[in-house]
Amino acid sequence: MAAIMDGKALAAKVKARVAERVRDLERKPGLAVVLVGGNQASRVYVNGKKKDCEECGFYSEEHHLPAETAQEDLMALVRELNGRPDIDGILVQLPLPEHLDEREVLLAIDPNKDVDAFHPYNVGKLMIGEQAFQPCTPAGVMELLDEYGIDPAGKHCVVVGRSNIVGKPQAMLMLQRNATVTVCHSRTPDLAEECRRADILVSAVGRVNLITADMVKEGAVVIDVAMNRNEAGKLCGDVDFGPVSEKAGFITPVPGGVGPMTRAMLMVNTLTAYFLERK
Ligand code: NAP
């Protein structure tokens, strides 16, 4: 039976560590979150970030802009936030409404305030192993592995999904930690066979029960990044949790696994940004 990797408990520990460091600072680190329009889920995320900031002793502010906001107005806000000395981190909640150019907005964020690490400058830094910020979700996964004493070095890590925000940076972080990495995606011919080779399997797809027990090696570490709703409307990941947890050595639950870690790593990145500002 797999050990459950408790992301909720670890996230609380990580935030407590951040709060501890903030206590002695002469100024509170500041995070600005920008939400344009936004569905219910985005609003929930933004409220969560506000709560995390309070727990960590950060200053935070939210900018809720109407869905019909013009590109130029959003760009002006980003430029203003770039210039504010009390704001260390800027997070523009994605996705943006269709009419807005997401790429242009992300490019406009000062790379030293880019706490999501989505700016091409920070993506490039990650590629060469000189990153100041690690993208929050894959960084949260690495933190979970460390907490449970799992060293990726020499292990075969299979990442399912190749998005810019999860799959690709996850593969880079695993590589930096000396894992042998395979990245799978929708065109991978035999996903089950690739997954069975994994000592560490990270699934970031968004499909209920994509990863079944027959795809998992005995004793493997199974990390479920996905956040889906099943037919009953219940939050779940990509992994068929019950049967897989009988075979895996370690497994993350959904909810309570990677999700809380993503939030906690945003706080870590905001603190990092504070120190970058002061350099
Ligand atoms: P995404 O941009 O939609 O990417 C999904 C990836 O899965 C793509 O690379 C796609 O391949 C691949 N894929 C789709 N069907 C597949 C299949 N049948 N077999 C193998 N690969 C397949 O999604 P994302 O933004 O990376 O998010 C992935 C999941 O993680 C979602 O459920 C999302 O909600 C969740 N998420 C959770 C957190 C968290 O904090 N826990 C954070 C971010 C995202 P192609 O590239 O070939 O299309």
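Annotations for the structure displayed:
- Subtracting the Cα-Cα distance of Ala192 and Ser42 from 0.36 nm times their residue separation leaves 50.7 nm of extension gain.
- Each label point was placed 7 Å from the Cα along the Cα-to-Cβ direction; for Glu218 and Glu54 their separation is 5.0 nm.
- Modelled label positions at Ile128 and Glu104, each set 7 Å beyond Cα in the direction of Cβ, lie 2.9 nm from each other.
- Length gained when the stretch Asn209-Arg21 is fully extended (0.36 nm per residue, less Cα-Cα span): 63.6 nm
- Residue among Lys51, Lys234, Lys168 with the largest mean-square fluctuation in a Gaussian network model of the chain, springs linking Cα atoms under 10 Å: Lys234
- Between 0 and 90°, nearest 10: helix 40-56 axis offset from the chain longest Cα axis: 80 degrees
- Shape call, segment 151-198: gyration tensor on alpha carbons, a/c limit 1.5: oblate
- The angle between the Cα long axis of helix 71-83 and the longest principal axis of the Cα atoms of the chain comes to about 80 degrees, rounded to the nearest 10.
- Restraint check, Lys13/Lys155; Lys28/Lys50; Lys15/Lys247; Lys13/Lys51; Lys51/Lys113; Lys8/Lys49, Cα-Cα greater than 25 Å: Lys13/Lys155; Lys15/Lys247
- Under 5 Å from the amide H of Cys236 lie the amide H atoms of Asn228, Arg229, Asn230, each residue being 5 or more positions distant or on a separate chain, with H modelled from the backbone and absent for Pro and chain starts.
- Degrees separating the helix 7-22 axis from the principal Cα axis of the chain, which is the longest one: 30 degrees
- Longest to shortest principal axis, alpha-carbon extents of the chain, angstrom: 52, 43, 37
- Alpha carbon centroid spacing (whole Å) that separates segment 181-208 from segment 108-147: 23 Å
- Convex hull volume per residue in cubic angstrom - Cα atoms of segment 120-213: 105 Å³
- Other residues within the sphere of radius under 13 Å centred on the Cβ of Val22, judged by their own Cβ, net out at -1 (K and R +1, D and E -1).
- Computed on protein heavy atoms with a 1.4 Å probe, the accessible areas place Arg17, Arg229, Arg177 in the order Arg229, Arg17, Arg177, largest first.
The values are calculated or read from the model by the stated rules, or taken from the named source; none is laboratory data. Worth saying up front: this structure is predicted, and the values here are computed from it rather than measured. Cβ sites come from the backbone with ideal geometry, for glycine too, and all protein chains shown count toward neighbours. Accessible surface is based on the protein model in full, side chains and every heavy atom, while ligands, DNA and RNA are left aside. Shrake-Rupley method; radii C 1.70, N 1.55, O 1.52, S 1.80 Å.
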